[in-house]
Amino acid sequence: MNIKRILVMVTVTASAAAFFAFGCGGGGSNSTSTGTTGSLTEAVEIASQVSLVEAQDVAAASLTAPLKGFKALLSKAAPTSGAYVDDPLNMWVDDSSMQALDLINEILCSFDQTGYADMVGQGPYLAIVSFTDCASDSADKSSDVGNQSSSEIEELETWTVESSLADGVQTVKAWIPTSEQMGPGEEIKMVIHAKATITAGVSDENPFGLFRMDFAMLDEAETTPYANIYLESVETSDGQVELQFSMTGADGSPMANFAESVHVVMDADGTTGHASAAHQFEDEASGYSEDVAYNVAFDENKYLSSKGEGTDSCLDRKNFDSYIYRYGVYKADGSRLDSSNPGFSVKYDNGGELVWGFAGYYGIWLPEEVTLESGLTLTRADGSASSGLTYTTVVAPGKLMIHTKDSDVLGSFLDDTFYYWDNANFIVTWNGTNLVKTQEEMCDENGCQQTDIEDEAVALVAGSWVSFWKDGLGSIFFEVPAGGLSNSTVVGIDKSVIATAEDVGDDPIQLFCFNSCLQPNLTADQLSWIESPFFPDSFDLAAPYIYTLDPADMTLKGAADAEIAPVAGLTAAEVMGWGASSGPMVTSTAGMADTGAVWSADTYYSWETGIQSWNKFAGLIDESGNPVAFDPPTMFAYTHTDGEKYMLDYSGFGELNGVPWSRIEGTDLWVPLFSIPDGTEVTANNVTYYVRALEGSQRMQELDLSQCSELETEELSAPDTDYVDPAIGAQPEVTADPAVIKGELAGS
């Protein structure tokens, strides 16, 4: 459970989960006992996700245009056994009227990752929880849309947990240290005390299970309250199920002006029901405030939502628009394609306090209170045979990318769209004769919007090198032929990976640059593109800009050993942008006729730098002084059902990236532009694998309001059971390595 989402949930962009509980079950008990005693004799699990609407089977869903690929579902050859068949497909329903369910689902998902059912009676233990996996907003799942590399490092939390079973009641206690940035220079450090009492697991009679949770958000000293949360699945005697939730900020705290509540009463099978939700927020400094209340009513086919007079909407509970966010990749026998060394958990002694993090191909994650820098000693802590080994961090202010060239012809991209920079960002289409500008894109801190423009052919000069960008594939570049472009024009495709010290070798390498060569000591204006971060281009092969990179510090340096990096002390508030990247750099110009030839080199390098974590290199050196090599993503070339081409990268189970995202018009919700059909074949190293959806969301389709005439909303009472202080005491000290990592027992 990440407090950041609690603090920013002032926009109505809900993402609830399917009514049925995915991945739930546990020891199995149909007990309906409540109170302080119960009848449980073994550990059970409660729901990890809930919502008012049952997600529909994707294969049978009414699919949107971006998902037309699913029409070919049954025609795809695919494995018929193994994990390909057994792995569940988790779908939830986006429902803007039930915003408060977002937080409920993040709470339940986070608790599920602690392994509380497996750890009953084991005493206090540590659990690594991935907030990234529990983010209920699809915009969170995409992270920084359009900057995929920023989404690769997970946002993790370390929970101290104790799970027990006594007097027929299962009790889970959790201590959750966290800190969040409330604004420029304003950081809140706190500890969340949580207590859950469970008297029945998930059953047909109650798909939530029966439980109560109370959360106290306290200051760092664990004494002063900031806010409290109450969540309960209430026992009923009329065949219905009931859920109550409330969150209230404490007087005088930074969260004093925030409140959230939800009350749900529905049939156990989810066919009919009512719900009410309320959200209040006030920012005294700016004068901004929100006071939003929703009431909903639904039956088996329709869903009526009311936000107030004149704001009713009618939705279809049988027909959905569907979007897939996570995929698995499988071998021909149905087993998962796994990465042999994608990364591992680490621990760090932070001034006498042990904290936990993760190291992998995309870098190193440590809690916010730790400054990630070179020279830190980290210990592997994943329960494997290598646990206990120590490593030293190497952190550079940028990262070196290795680019290798593939090739194709323009005819393969007929009617495909590209991005092209020409004093503005344009969307361009190849029509078989010309590259034509069709839209202009404007971006700000709220995202990007495209505007249709009058079609205009891109003006190209014979002999010049031109570069375009295609989402999910990367840079496409070519030299303009003397006779103009045609479907047979050969184009280069840029494939890139992050260079490690192992890639560089034992000695420093020298790199030569002619175009878009970065200056040292980059200022806020340069990183915001108010001023150019580049030196003037050189058109003389004998006069390159010369850089050096030493594997000892993985930092690019120019003349007089000046680092190609931001000036010290820059903050995110000063820099608008995602960093800066150089043009191509080569280790030798031998055989090149002119400076433009660097673009067509079989292998070249570029340097990316900036102030964000994804702009920097972070790696490990082992006890023998050797760099640790993590497996890079497996790259797959993918042609979608509409003929457009993309390059996908696979970092392990559920981590298939490369599908571009866009915002749903009129909302703040970002979704994938398309989804990959189940059974799609992809190839790497001449081996065929199969893709299958694992997780996604659905949105009910709009209906005319008259079609919900038989439904009537009602305002349910606010939750009638008050919050109770968890009173679980100070956080116990645990020195053992984490016992549970993202829901899996360590070492399993």
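Before moving on, here are some points about what is shown:
- Among the residues of region 409-463, those that are among the polar types (S, T, N, Q), at pLDDT 85 or above and either in a loop (DSSP other than H, G, I, E, B) or touching a His at 6+ places or on another chain (Cβ under 8 Å) (or both) comprise N431, T433, N434.
- Considering region 384-408, the residues that are under 29 Å from the mean Cα position of the chain (by Cα), among the small types (G, A, S) and part of a loop (DSSP other than H, G, I, E, B) include one that is surrounded by the most Cβ atoms within 10 Å (Cβ to Cβ), namely S387.
- V691 meets all of the listed conditions (1) farther than 22 Å from C134 by Cα; (2) in a loop (DSSP other than H, G, I, E, B); (3) of a type in the set (V, I, T); (4) under 22 Å from the mean Cα position of the chain (by Cα) but one, namely (2).
- In region 421-433, the residues that are on the phi > 0 side of the Ramachandran plot form Cβ pairs under 8 Å with partners that are at pLDDT 90 or above, at six or more places apart or across chains, as follows: G432/G411; G432/N487.
- Comparison of A601, A597 shows that the only residue that is crowded, with 18+ Cβ neighbours inside 10 Å, farther than 18 Å from W365 by Cβ and among the aliphatic types (A, V, I, L, M) is A601.
- Screening P627, P632 for residues that are closer than 29 Å to C513 by Cβ, in contact with a helix residue (DSSP H, G or I) (Cβ under 7 Å, 6 or more places away or on another chain), surrounded by fewer than 21 Cβ atoms within 10 Å (Cβ to Cβ) and not acidic (D, E) leaves exactly one candidate, P627.
Each row is one residue, and each column tells you yes or no for (1) more than 13 Å from T609 (Cβ to Cβ); (2) in contact with a strand residue (DSSP E or B) (Cβ under 8 Å, 6 or more places away or on another chain).
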| site | (1), (2) |
| --- | --- |
| F512 | yes, yes |
| Q519 | no, yes |
| D540 | yes, no |
| D594 | yes, no |
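- From V346, V329, residue being closer than 30 Å to P79 by Cα and among the aliphatic types (A, V, I, L, M): V329
- Hey, Q122 crowded, with 21+ Cβ neighbours inside 10 Å, closer than 30 Å to F215 by Cα and at pLDDT 85 or above or not: no
- Within region 226-265, considering residues that are touching a residue at least 60 places away in the same chain (Cβ under 8 Å) and assigned to a loop (DSSP other than H, G, I, E, B), the one surrounded by the most Cβ atoms within 10 Å (Cβ to Cβ): M255
- Of the residues screened, V491 is not one that is surrounded by fewer than 19 Cβ atoms within 10 Å (Cβ to Cβ), over 27 Å from the mean Cα position of the chain (by Cα) and over 25 Å from A618 (Cβ atoms).
- Residue satisfying condition, being at pLDDT below 80, assigned to a strand (DSSP E or B) and in the same structural domain as D95 (by TED's automatic domain parsing), within set M182, M190: M182
The values are calculated or read from the model by the stated rules, or taken from the named source; none is laboratory data. Since this is a predicted model, take the numbers as computed values, not measurements. No Cβ is skipped: glycine too gets one built from the backbone with ideal geometry, and neighbour counts run over all protein chains shown.
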